[in-house]
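Colleague: Structure in structure tokens, see below.
Bear in mind that the values in this text are calculations on the coordinates, not laboratory data. Bear in mind the structure is a predicted one, so any value in this text is a computation, not a measurement. We place every Cβ from the backbone using ideal geometry, glycine too, and count neighbours over all the protein chains shown.
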Amino acid sequence: MSSTVSHLGHYQAKVARSRATSEPAWIRWSLIAIALAFLSLFLFIPLAAVFTEALRKGFETYIAALIEPDALSAIKLTVIAAAISVPLNLVFGVAAAWATAKFDFKGKSVLITLIDLPFAVSPVIAGLIYVLIFGLQGWFGEWLIDNDYKVIFAIPGIVLATVFVTFPFVARELIPLMQAQGKEEEEAALVLGASGWQILWRVTLPNIKWGLLYGVILTNARAMGEFGAVSVVSGHIRGMTNTMPLHVEILYNEYNYAAAFAVASLLAFLALVTLALKTFIEWQSARSARTTEQLSEE
Amino acid sequence: MSIEIRNIHKRFGKFNALNNINLDVPTGELVALLGPSGCGKTTLLRIIAGLEAADEGSILFHGSDATSRDVREREVGFVFQHYALFRHMTVFENVAFGLRVRPRKTRPSEAEIHRRVHALLELVQLDWLAGRYPPQLSGGQRQRIALARALAVEPKVLLLDEPFGALDAKVRKDLRRWLRRLHDELHITSVFVTHDQEEALEVADRIVVMNQGNIEQIGSPQDVYDQPASPFVYKFLGNVNQFHGRVHAGKAHIDTLALDIDDHHETDNTPAHAFVRPHDIEVLRERGTQPAFSAVVSYINAIGPLVRVELQRQDNQSIVEAELTRERFRELALQQGEAVYIQPRNVRVFLDVPN
């Protein structure tokens, strides 16, 4: 009798435990179904649509839309804007993160808030700011015209707008990482006689390489995909100041759907590559963090 | 190289971290900065290293002013509490770092770097770990690598911040004996920070006891343990029983007892605290000729070489702690709840400072 009771007790304990840690099957499956439906509706179907629409009129039309001079010029401009803004924000981001994470100074929180500003400001406003400063009626407009410099409706304006909207990406990625790592290693290097540059190259950068790469990839994705801010300062001159997103818009407004989706598919492809790289980097940095932890526990 | 610390002040906002610190560390000595956390000992160590700047005062290395000298030019080796090994470099590269970052003119050749790094790794008995990465090492191994790395630049002064603080008890004991032997071999002027009095008493030539940004006492381990200069030092170094009473003409009056003391012969009826170490509490079955409290045995802990006995005084119910040798304990055959007499020896008295 007593053994039956104890068995029963054991069984009940087991049931209680599984109930305590998980929901009934029907709840679990409906949650998964809702999540999948949501993902399909908002991500998978649009992504598939981009590629289907792009290839609807055949592969030749698709290629033709991409190698057409205006499209090539848009691709070129997008790459230029990214090629300038990514290194700029890389340098700035590392410098800002280094300063805020490793040193204490007055106005540090103000600086961090300023770095975040582009996240808070609508990209269209960002573009407008540059029009107001460098445009024809802007603060420096007359001086720029007198000296024959073109900023607005030209490449410099596009680069400026891109730099502005991608400003926080690298710094935001690095600041928490560097704060968590502390400054003991840098101090150790300093006592051992290393100069500031040596510390940066040999100690700080190797420790943040994965976070840095992650930030760069996000910056690049945003730089190539930016629409609002660039749209304001570009002037939409075909073959001159059109980036890829702007080119897509023009083609679409001209009812040239096949070409619009062809160029859009390039941007979508870029997004997929970015995602793959991002996943790889997350996996890499998690792996190195995990081995570090495991081994240090031994 | 000797270190002289002159009138060092340091404030963090409103907090007084260091208050007019003066200290001489002669060449070749191993000195412990001992104190509770927040007493300013680490700040002082970092000021010596040049990682922190003092608000006032100066630091002299071998007689010459180093106050404004850059960290890199101070020729100090610093061992951090959490080792601060470069996690992305092998053990070999960690130790070689200080040599590799030298300007080309003074940088040793690759062969020389190899020779010196391996010599240092042998010194810390970890040559077989040269190819490993810091996360793959145990705490004790990391600490020894950190020491080898600090020694690689041939520092004139070695500074260690809580060098054994993050290690477990057994490793800590082994490693501090090993550090003592290493110091006896190398004779490098060394300062280490610790909050563990046992560690300071065992390893250091001299102990600097600090409290709230002030130096309470400087002396050999024997001195600070046997002749504490203040109630703080008394309480910080080992267990102690504290009694409150009055001092009058060379006698300490603690409640009903009048105990003979060595000094304060001129003192007239002044409030004071008396301190007695647990091993100076004599436990007796019969009342002797000396003044004694009557007490009841309230707790016995007989683990280890000494038997710890807690006694409750019968006059005011306060607890007195005594330490007896195993022999004495057997002789007395004490049982919990028994009535005994306790007789304080070597009473040390500090007069209450009027506020």
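Colleague: Out of all DSSP beta bridges with both ends in the protein assembly as shown, state the antiparallel percent to the nearest 5.
Modeller: 75 percent
Colleague: Go through segment A:142-152 residue by residue and turn each phi into a ³J(HN,Hα) via Karplus (6.51, -1.76, 1.60, θ = phi - 60°); whole Hz please, and just put x for glycine and proline.
Modeller: Once θ is set to phi - 60°, the couplings for segment A:142-152 become 4, 4, 5, 5, 4, 9, 6, 9, 10, 10, 7 Hz.
Colleague: Nearest 20 debye, what's the magnitude of the dipole of the protein assembly as shown about its Cα centre given +1 on Lys and Arg Cβ and -1 on Asp and Glu Cβ?
Modeller: Around 1660 debye, computed over the protein assembly as shown.
Colleague: Could you give the angle, 0 to 90 degrees to the nearest 10, between helix B:169-186's Cα long axis and the longest principal axis of the Cα atoms of chain B?
Modeller: For B:169-186 against chain B, the angle is about 60 degrees.
Colleague: Would you calculate the volume per residue, in Å³, of the smallest convex hull containing every Cα atom of segment A:113-260? If you can, show how the numbers build up before the last one.
Modeller: On the way: hull volume 24.1 nm³, N = 148.
Convex hull volume per residue, Cα atoms: 163 Å³.
Colleague: Rounded, prolate or oblate: pick one for chain A, where a ≥ b ≥ c are the square roots of the eigenvalues of its C-alpha gyration tensor, a/c under 1.5 means rounded, and failing that, prolate if a/b is larger than b/c, else oblate.
Modeller: Oblate is the answer for chain A, as a/c is 1.5 or above yet b/c matches or exceeds a/b.
Colleague: Looking at chain A, identify the longest residue range that excludes and avoids all chymotrypsin sites (Phe, Trp or Tyr not before Pro) in DSSP loops having at most 10 other Cβ atoms within 10 Å.
Modeller: Numbers: sites that count: A:F103, A:F105, A:Y255.
With a cap of 10 other Cβ atoms within 10 Å, the longest stretch comes to A:106-254.
Colleague: Where the only charges are on Cβ atoms (+1 Lys, Arg; -1 Asp, Glu), what is the dipole of segment A:122-234 about its Cα centre, to the nearest 20 debye?
Modeller: Details: 6 positive and 9 negative charges, 54 e Å.
Roughly 260 debye for segment A:122-234.
Colleague: Using modelled backbone amide H atoms (1.01 Å from N, in-plane), which distant-in-sequence or interchain residues come within less than 5 Å of B:Q217's amide H?
Modeller: B:V209
Colleague: Now for a different question. Of all beta bridges DSSP finds with both residues in chain B, what is the antiparallel percent, to the nearest 5? Intermediate results must be reported in sequence, preceding the final value.
Modeller: Details: 58 of 76 bridges.
Roughly 75 percent of the beta bridges in chain B run antiparallel, per DSSP.
Colleague: What angle do you read, to the nearest 10 degrees and between 0 and 90, between the alpha-carbon axis of helix B:139-151 and the longest principal axis of chain B?
Modeller: Roughly 60 degrees, rounded to the nearest 10.
Colleague: Can you check what the net charge comes to around B:L85, using other residues whose Cβ is under 9 Å from the Cβ of B:L85 (Lys, Arg +1; Asp, Glu -1)?
Modeller: Once all neighbours under 9 Å are counted, the net charge is +2.
Colleague: Dipole of segment B:1-154, Cα-centred, from +1 at each Lys and Arg C-beta and -1 at each Asp and Glu C-beta, to the nearest 20 debye? Intermediate results must be reported in sequence, preceding the final value.
Modeller: Values: 21 positive and 16 negative charges, 109 e Å.
Dipole magnitude for segment B:1-154 comes out near 520 debye.
Colleague: Who wins for biggest fluctuation among A:D148, A:D116, A:D70 in a Gaussian network model of chain A, springs between alpha carbons below 10 Å?
Modeller: Fluctuation is largest for A:D148.
Colleague: Hey, what number do you get for chain B at 222 nm if only DSSP H runs of n ≥ 4 count, each worth -39500 (n - 2.57), divided across all residues, to the nearest 500?
Modeller: Rounded to the nearest 500, it is -7500 deg cm²/dmol.
Colleague: Sort segment B:241-351 into rounded, prolate or oblate with this rule: let a ≥ b ≥ c be the square roots of the eigenvalues of the Cα gyration tensor; rounded if a/c is under 1.5, and if a/c is not under 1.5, prolate when a/b is larger than b/c, oblate otherwise.
Modeller: Numbers: a/c = 2.25, a/b = 2.01, b/c = 1.12.
Taking the square roots of the gyration eigenvalues as a ≥ b ≥ c, segment B:241-351 is prolate.
Colleague: Considering only A:I34, A:A264, A:I63, whose Cα is most displaced toward the positive end of the charge dipole of chain A, charges sitting on Cβ of Lys, Arg (+1) and Asp, Glu (-1)?
Modeller: A:I34
Colleague: Looking at chain B as a GNM with Cα springs under 10 Å, which of B:G219, B:G165, B:G337 has the largest mean-square fluctuation?
Modeller: Ranking B:G219, B:G165, B:G337 by mean-square fluctuation puts B:G337 first.
Colleague: Can you compute the FRET efficiency between B:T325 and B:V171 using 1/(1 + (r/R0)^6), with r the Cβ-Cβ distance and R0 = 30 Å? Round to the nearest 0.05.
Modeller: Details: r = 29 Å, r/R0 = 0.98.
Here the calculated transfer efficiency is 0.55.
Colleague: Helix-derived [θ] at 222 nm for chain A: sum -39500 (n - 2.57) over DSSP H runs of at least 4, divide by residue count, nearest 500?
Modeller: -26000 deg cm²/dmol
Colleague: Which of B:L44, B:L182, A:L31 comes first, and how do the rest follow, when ranked by fewest Cβ neighbours within 10 Å?
Modeller: Sorted ascending by nearby Cβ count, the order is A:L31, B:L182, B:L44.
Colleague: Here is a further query. Specify the residue with the greatest mean-square fluctuation among A:T162, A:T52, A:T243, computed from a Gaussian network of chain A linking alpha-carbon atoms under 10 Å apart.
Modeller: For chain A, modelled as a Gaussian network with Cα springs under 10 Å, the answer is A:T52.
Colleague: If we count every other residue with Cβ under 14 angstrom of B:S37's Cβ, Lys/Arg +1 and Asp/Glu -1, where does the sum land?
Modeller: Local net charge: -2.
Colleague: Which is farthest toward the positive dipole end of segment B:227-355 among B:F275, B:A322, B:A258, measuring Cα position about the Cα centre, with Cβ charges +1 (Lys, Arg) and -1 (Asp, Glu)?
Modeller: Toward the positive end, the furthest listed residue is B:A322.
Colleague: Quick one: which of A:K102/B:K170; A:K209/B:K170; A:K108/B:K156; A:K102/A:K278 span more than 29 angstrom between C-alpha atoms? Show your work: numbers first, answer last.
Modeller: Values: A:K102/B:K170 35 Å; A:K209/B:K170 37 Å; A:K108/B:K156 37 Å; A:K102/A:K278 26 Å.
Where the Cα-Cα span goes over 29 Å, the pairs concerned are A:K102/B:K170; A:K209/B:K170; A:K108/B:K156.
Colleague: DSSP H helices in chain A with Cα extent of 24 Å or more along the helix axis and mean Kyte-Doolittle hydropathy at least -1.0?
Modeller: Values: long enough: A:2-21 (29 Å, -0.57); A:69-102 (49 Å, 1.29); A:205-225 (29 Å, 0.61); A:257-297 (58 Å, 0.67).
Counting only whole DSSP H runs, the qualifying helices are A:2-21, A:69-102, A:205-225, A:257-297.
Colleague: Please work out whether the protein assembly as shown counts as rounded, prolate or oblate from its C-alpha gyration tensor, where a ≥ b ≥ c are the square roots of the eigenvalues and a/c under 1.5 means rounded, while otherwise a/b larger than b/c means prolate and anything else oblate?
Modeller: The shape class here is prolate.
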